[in-house]
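Only the coordinates and a few stated rules stand behind these numbers; no lab work does. This is a predicted model, so every value here is computed, not measured. Here the Cβ positions follow ideal geometry from the backbone for every residue, glycine too, while neighbour counts run over all protein chains shown.
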Amino acid sequence: MEPILEVNNLVKQYDKVVAVDGISFALRQGVCFGLLGPNGAGKTTTIEVIEDVIRPTAGEVLYKGAPRRPSFREEVGIQFQSTALLNLLTVRETLETFQSFFTKTATVEELVRLCRLDEFLDQYNDKISGGQRQRFLLALALVNRPELLFLDEPSTGLDPQGRRNLWDLIQGIKAEGKTIILTTHYMEEAQYLCDEVAIMDYGKIIAQGTPAELIRQYSRGITVVLPRHRFALEADGFPLPVREIKDTIEIKTDDVNQCLKQLITHGVDLSDITIRSPNLETVFLNLTGRKLRE
Amino acid sequence: MSFKRLWSILKARNLEFFRDRSAFGWNFLFPFLLVAGFGIIFGGKSYTEYKIGIFPSESKQVSIERLNIPQRFKDMSYLKFIGFSNAGEGLEKLKHHRIDFLLKAGDGPHQYWISDASPKGYVVEQMFKASLIAPASELNAEKKEIQGSAIRYIDWLFPGILAMNMMFSALWGVGYVVVRYRKNGVLKRLKVTPLTAFEYITAQAISRIFLLMFTLVIVWTGCDLIFAFNVQGSYIDLFIIFFLGSLSLTALGLVLASRGTSEEFTTGILNFISWPMMFLSEVWFSLEGAPGWIKSFAKIFPLTHMLTAARKVMHDSAGLIDVGPEIMILSLMTLGFLTLGAALFSWNK
């Protein structure tokens, strides 16, 4: 099947800074693709070049196998990282205004139902809460029944309930077969929503695949964590490598059964044990490092 | 171009403006207050042009009848007398141009002080000197009255104030608002829809022109009920001139709105354009007698041509043909500004 979107050797340079450095990927119809990376990695620049908000320095973006035509705007939905809206309009009026820009549109009722807007539909844009605002921005991105949806950090600033709620909405949109490109800082979000992810750093894609593939490839092993006071042995008296971190000890293992057997054999009390499976966050930190980025 | 999209953005902009009640109300109230204020200042008998300090006096308020100064000076119009207890107090005010002339009360020989840097001081000095000389039985001069009905200052000033209000509203209402929308990302959000730049800026311009003409009619009607303006020419011609003027000013606003994301910088540019336009387009005073280069420079402003044409219609019964050059210039300026604004317009930061 022909990819819905192809990005080939995309470069975006600002003076001496190369924000996007020759990245390429292709998306199949209906996939949810996550673009992950630390602050300043080039995620938003990449997504905005694809959205045709900014021009690339080099490279090409193909939509349905051809360069983007004016009709591209009719077929994509976009939620920016931060968007101000027209002042002193209600949510309903804003939806109606955006509807008028497009040929093929969802009805206000559909959007209200899909994004749960009913409780604040007649409030002014700037008088709604953070969670309501994110749902409203998602509805605006869906106003033209897009085939390809761009979501740039859609859950930033939301509380855990708001985030879960938004994930459910995005799952619902995925179920309709829409293709989604998502950027996020939240690895849990990417793992929950994305079929495929690419990790970016310094403008390049440094790893790409399904979350499970990346975890297998870049973060092997299970971590067993115990409070220090439960582990009475000396570290070198235990057959598996042990790391002391503050008041805990961590044991990395590929075979959790064997590890637990050894702990029981050595008479360790397992009451407060924690077993951590590798996840995307581990992959992310392993690949991009633990140094603070700003 | 899609009229549906244009209408939609026009409607949204109008809703935004009409719902901002403070801005909406101020738009009508400001010109009305200005006209009313100037009507009171210049229309009543209390208007004084020159301030005369008198000492010694027990209080600031002086009784003109009881003042011991030349009678003919007391009788002159447009003078306001202010009392000072001593010369030092009066001289301090004179030095800072708070008064134009300082006079010691009493019988002659009179003593007075003026500031050499004050043109008004010079005029009052000549008035004072004239008041000391007995009137000639036969003046070598003859007073003639202006034929026809006199044009009051308020009649002259009124179109200026309305035009000035239009200028500020057009430049700030388009220039500043669009730059703010570019800065906060509204334009970026609109850019990724099928809405075109032409549709967007046309909607902004139509919305502002509609508002300017609506304000014009309301303020004119309100002020006319109070001041009964004397319009010699046709109201329709006057409306057409103001419409053309608002078109050119709004188009100039679009040029300023076409680029930039800094509200502070845009404020600076707007001030840089609007202040010289306000002072050199004869809003407040005539440039009659001003150096030629200033008069020529003033012609670069659309406000100058709008006001010239409006005053000709209002005061000299001119028709559209009589103000043809101004109409032509305003139309060309509109076309030029629109072309430039559309060519330069950018959605992005």
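Using only Cα positions of the protein assembly as shown, each an equal point scatterer, no hydration layer, compute I(q)/I(0) via Debye at q = 0.11 Å⁻¹ and quote the log10 values to two decimals.
For the requested q values the scattering log ratios are -1.12.
What is the set of long-range amide H partners of A:T248 at a cut-off below 5 Å, with H atoms built 1.01 Å from backbone N?
The answer is A:R228.
What's the FRET efficiency of A:Q29 with B:A343 using the Cβ-Cβ distance as r and R₀ = 35 Å, to the nearest 0.05?
Details: r = 39 Å, r/R0 = 1.13.
Taking R0 as 35 Å, the efficiency between A:Q29 and B:A343 is 0.35.
In nm, to one decimal, how far is the modelled label at A:K104 from the one at B:F210, with both set 7 Å along Cα→Cβ?
Taking the simple label geometry, A:K104 and B:F210 are separated by 3.2 nm.
For the range B:1-133, what proportion of DSSP beta bridges, expressed in % and rounded to the nearest 5, is antiparallel?
Values: 3 of 12 bridges.
Counting only bridges with both partners in the range B:1-133, antiparallel ones make up about 25 percent.
Sort the range A:221-277 into rounded, prolate or oblate with this rule: let a ≥ b ≥ c be the square roots of the eigenvalues of the Cα gyration tensor; rounded if a/c is under 1.5, and if a/c is not under 1.5, prolate when a/b is larger than b/c, oblate otherwise. Present the calculation step by step, with values, prior to reporting the outcome.
On the way: a/c = 1.28, a/b = 1.12, b/c = 1.14.
It comes out rounded by the Cα gyration axes.
Which links in A:K174/B:K4; A:K16/B:K349; A:K127/A:K178 stretch past 21 Å when you go from one Cα to the other?
Details: A:K174/B:K4 31 Å; A:K16/B:K349 19 Å; A:K127/A:K178 30 Å.
Beyond 21 Å between Cα atoms: A:K174/B:K4; A:K127/A:K178.
Taking every Cα atom in chain A, find the radius of gyration and the maximum pairwise distance Dmax, and write them in Å.
Reported Rg and Dmax, both Å: 22.9, 72.
Taking only Cα atoms and a 10 Å spring cutoff, compute GNM fluctuations for chain A and point out the largest among A:E60, A:E234, A:E153.
The residue with the greatest mean-square fluctuation here is A:E234.
From the phi of every residue in the range B:6-19, what ³J(HN,Hα) in whole Hz does the Karplus formula 6.51 cos²θ - 1.76 cosθ + 1.60 yield, where θ is phi - 60° and glycine or proline is x?
Karplus values, whole Hz, x for Gly and Pro: 4, 4, 5, 6, 5, 5, 4, 5, 5, 4, 4, 5, 5, 7.
Residue-wise, which Karplus ³J(HN,Hα) couplings in Hz belong to the range A:210-221, taking 6.51 cos²θ - 1.76 cosθ + 1.60, θ = phi - 60°, and x for glycine or proline?
Whole-Hz 3J(HN,Hα) from phi for the range A:210-221: 6, x, 5, 4, 5, 5, 4, 7, 10, 8, 7, x.
Quick one: among B:W172, B:W293, B:W156, which has the greatest mean-square fluctuation in a GNM of chain B with alpha-carbon springs under 10 angstrom?
Residue with maximal mean-square fluctuation among B:W172, B:W293, B:W156: B:W293.
Give me the percent of Cα-Cα pairs in chain B that sit more than 35 Å apart, rounded to a whole number.
On the way: 25259 of 60726 pairs.
Percentage above 35 Å: 42.
Average the reciprocal distances over every distinct pair of alpha-carbons in the range A:13-138, invert the result, and give the Kirkwood radius in Å.
With all distinct Cα pairs of the range A:13-138 included, I get 17.1 Å.
Residues with beta-carbon under 13 Å from that of A:S129, excluding A:S129: net charge, scoring Lys, Arg +1 and Asp, Glu -1? All intermediate terms of the calculation are to be shown ahead of the outcome.
Details: positive: A:R116, A:K127, A:R133, A:R135; negative: A:E119, A:D126, A:D159.
Neighbourhood net charge equals +1.
Just tell me the longest site-free run in chain B, where the sites are GluC sites (Glu not before Pro) in a DSSP loop having at most 13 other beta-carbon atoms within 10 Å.
Numbers: sites that count: B:E49, B:E58, B:E138, B:E142, B:E145, B:E288.
Result, exposed sites excluded: B:146-287.
For the range B:227-349, compute Rg over Rh where Rg is the Cα radius of gyration and Rh is the Kirkwood radius from the inverse mean 1/r over Cα pairs.
Values: Rg = 16.0 Å, Rh = 15.6 Å.
Computed over Cα atoms, the ratio is 1.02.
Given H placed 1.01 Å from N in the peptide plane, which residues other than close sequence neighbours of B:I54 have an amide H under 5 Å from its amide H?
Under 5 Å from the amide H of B:I54: B:I82, B:G83, B:F84, B:L103.
Each residue of the range A:164-180 in turn: what ³J(HN,Hα) in whole Hz from Karplus with 6.51, -1.76, 1.60 and θ = phi - 60°, glycine and Pro shown as x?
So the J values, rounded to whole Hz, are 4, 4, 5, 4, 4, 4, 5, 4, x, 5, 4, 5, 7, x, 7, 8, 10.
When all C-alpha to C-alpha distances in the range A:155-294 are sorted into bins of 5 Å, what percent of pairs does each bin hold, rounded to whole numbers?
The calculated distribution, bin by bin, is 2, 8, 15, 16, 14, 14, 12, 9, 6, 3, 1, 0.
May I ask you to list the trypsin sites (Lys or Arg not before Pro) in the range A:228-269 that are in a DSSP loop and have at most 10 other Cβ atoms within 10 Å of their Cβ?
Values: sites: A:R228, A:R230, A:R243, A:K246, A:K252, A:K261; in loops: A:K246.
Counting only loop positions with at most 10 other Cβ atoms within 10 Å, the trypsin sites (Lys or Arg not before Pro) in the range A:228-269 are A:K246.
Averaged over every viewing direction, what's the projected area of the C-alpha convex hull for the range B:47-117? Give it in nm², one decimal, please. Intermediate results must be reported in sequence, preceding the final value.
On the way: hull surface 18.8 nm².
Dividing the Cα hull surface by four gives the mean projection, 4.7 nm².
Name the residue, out of A:F231, A:F98, A:F72, whose mean-square fluctuation peaks in a Gaussian network model built on chain A with Cα pairs under 10 Å.
Ranking A:F231, A:F98, A:F72 by mean-square fluctuation puts A:F231 first.
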